[in-house]
Amino acid sequence: MEMVRLLLACAAIPVVASGVGFSLTVGPPVAAGTGAKVTKTAAVFAVRLEECDKLDKAQISGTEEGIVDGARKSAPVTLSTAESPGVYLVSPVSSQSPGVWVVSLSATCGSARAGAIVPIGAGIGGAGFLRGKTKVFPRPATKEEIDAALKASRGPGN
């Protein structure tokens, strides 16, 4: 009986290991490809839908969330399709203005869901995304997670 349990446990390992599932990957705009769309947009970053076998039915949306002069702001971001299927360029507008900003992304692939919070910071030539502070989730981010990301971007004591 012990041998049967061991064999079943060993047989299940590849299934568990390969079950990474649907997720989002965030990178610089150039990661979307070298086509004209990258140079024509004011994209701050690119997002790729990973492990989605139904890209034609996948959906993605995003909002930029910010704090400007102590007031909370929210607006939709522009998501442009890139040359590669399942890759989008993200162009927030308000985050180019002063304040603290994050982009919250939410995506679906069939019944699977994923999300990300991408902090936006001042960079060379304008705003840029902060890769090291980006958080991805196996679901859309909660309001509390977005608030925490904004607070962390403001710095200690704010």
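Computed values, structure above
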item	result
Among (1) at pLDDT below 90; (2) open to solvent by less than 60 Å² (accessible area, probe 1.4 Å), the one test that Arg5 misses	(2)
Complete set of residues in segment 90-125 that are open to solvent by 30 Å² or more (accessible area, probe 1.4 Å) and at pLDDT below 80	Val93, Ser94, Gln96, Ser97, Ala122, Gly123, Ile124, Gly125
Of residues in segment 132-144 being closer than 12 Å to Pro119 by Cα and of a type outside the set (Val, Ile, Thr), the one least open to solvent (accessible area, probe 1.4 Å)	Gly132
Residue within segment 68-82 that is open to solvent by 60 Å² or more (accessible area, probe 1.4 Å), basic (Lys, Arg) and modelled with pLDDT under 90 present	no
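The values are calculated or read from the model by the stated rules, or taken from the named source; none is laboratory data. As the structure is a computational prediction, the values presented were derived from the model and not from experiment. To get the accessible areas, we keep the full protein, side chains included, count just its heavy atoms, and leave off ligands, DNA and RNA. Shrake-Rupley method; radii C 1.70, N 1.55, O 1.52, S 1.80 Å.
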